[in-house]
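Data first, discussion second: the structure below is written as structure tokens.
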Amino acid sequence: MEVEEWVSDLFTRQSLEEFVFYAESSPEGFFPSRGTYASLTILELGTWDPVYLPDAINFPNLKICRLRSATLYMHSEDLTQQFFSNLPVLEELELRDCDWNISELLISAPALKYLFITGPSEAAFSRGPIPKFKINIFAPNLLSLRYTDFAAEDYILHRFETLVNAVIDCKRLYRSLPQEKDPISTKFIKKLSNVKRSKISGGTFEELLFPDDLFINWPMFHNLVYLEVASKISFSEDKTLLNFLRISPNLATIIIAQGFVEHLSSTDGGWTLDMVPQCMLLHLKAVNFFEFYGCLEDLNVVQIFLKYARVLERMIIKFDSNLPTDEQNEVMKKLLKFPRGSTSCIIEVL
């Protein structure tokens, strides 16, 4: 039996609940127009070829949809957009390395809880332009969002009142130093103000726009208790992280996962605190630094956390593996002399 016949036979059955298909190419007429899809609850596709959908296709009970290196096509862009807006019970949607030949990706799913969007690597666009399109998401019950892709042309995001976890990396080709500010990435992060736990790449952080009237132009992240900066970030360029702490009054844990980097154009000596963030005074209990190198800029930041975090319980420092042991010991001697706002704070070296 040919693959086309096998697939067609599967979708003409009344009781098919789960369909998982991975192959380098997909057969024509992948979804037969006379197929029955009402019982399907899990759809997982991985193929480099486009998958064409009949105009009248409907998945009324689909709960999990995973598209990996697969792109859905219908006869018009409007119908392609409607596909992701006609899944009434969808709870999980994963779009990985998908190629969208559309002007707007519209996802409207009232039951959606988990949304994962992962774009191709930078190498995939080494010879051609990055496709630009808008991303419009309406998911009022979303719990977890992971976005690792190039910045969209625009984001239209409705409020995520129930959001618990967010992992964000708005990638860019040929990032320059100093980091260029991006109003689109800023708009994206602002819409996540209800999140409780967030992991943001250092590159995305440094693109954020923080005007002087911070509390007028940014929402407060009242629910945020855990923040991880997932790649190198500069603390001396424009105090982006410090500004973010000021709008995160209940933050209890912060992790700097891959060390710091000092911009070549940096001229100031690091942070200065005109106003201590509320989270430092009342809630911050754990601060972790990984890939720590112990330069002057690094030490300045650690000193500020130790001095002003009044309820800090533990600071963990993991040195960069390239830093010699004797230099690590010298750095620790300096750290242990810093004044501490919390008498119960323990510094742990990994």
Contour minus Cα-Cα distance for Thr148 and Thr118 (0.36 nm per residue): 10.3 nm
Please compare each pair in Lys199/Lys239; Lys113/Lys232; Lys63/Lys190; Lys239/Lys337 to a cut-off of 23 Å on the Cα-Cα distance and tell me which ones are over it. Lys113/Lys232; Lys63/Lys190; Lys239/Lys337
Below 8 Å, C-alpha to C-alpha, sequence gap of six or more: please give me the relative contact order for the range 307-346 in percent. 77
Any chance you could run the full-extension gain for Phe338 through Tyr226? It's 0.36 nm times the residue separation minus the Cα-Cα distance, nm to one decimal. 37.8 nm
Under a 5 Å amide H to amide H cut-off, with H placed in plane at 1.01 Å, what residues pair with Val349 once short-range neighbours are removed? Ile317
What is the set of long-range amide H partners of Thr118 at a cut-off below 5 Å, with H atoms built 1.01 Å from backbone N? Leu95, Arg96, Asp97, Thr148
Can you tell me which lysines have their Cα less than 16 Å from the Cα of Lys187? Leave out same-chain residues fewer than eight positions away. Lys134, Lys171
Contour excess over end-to-end distance, with Cα ends at Asp78 and Asp212 and 0.36 nm allotted per residue: 44.1 nm
State, as an integer percentage, the relative contact order of the range 284-350 based on alpha-carbon contacts under 8 Å between residues 6 or more apart. 44
Could you derive backbone 3J(HN,Hα) for the range 338-350 from the dihedral phi with the Karplus parameters 6.51, -1.76 and 1.60 (θ = phi - 60°), listing whole Hz in sequence and x where the residue is Gly or Pro? 5, x, 10, x, 10, 6, 9, 5, 10, 9, 10, 10, 9
Inter-site label distance for Ser85 and Asp9 at 7 Å from Cα along Cβ, in nm: 3.9
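Each value in this text was obtained by applying a stated rule to the coordinates, not by laboratory testing. Keep in mind that this is a model prediction, so the values were computed, not measured. Positions of Cβ are backbone-derived with ideal geometry, glycine not excepted, and every protein chain shown enters the neighbour counts.
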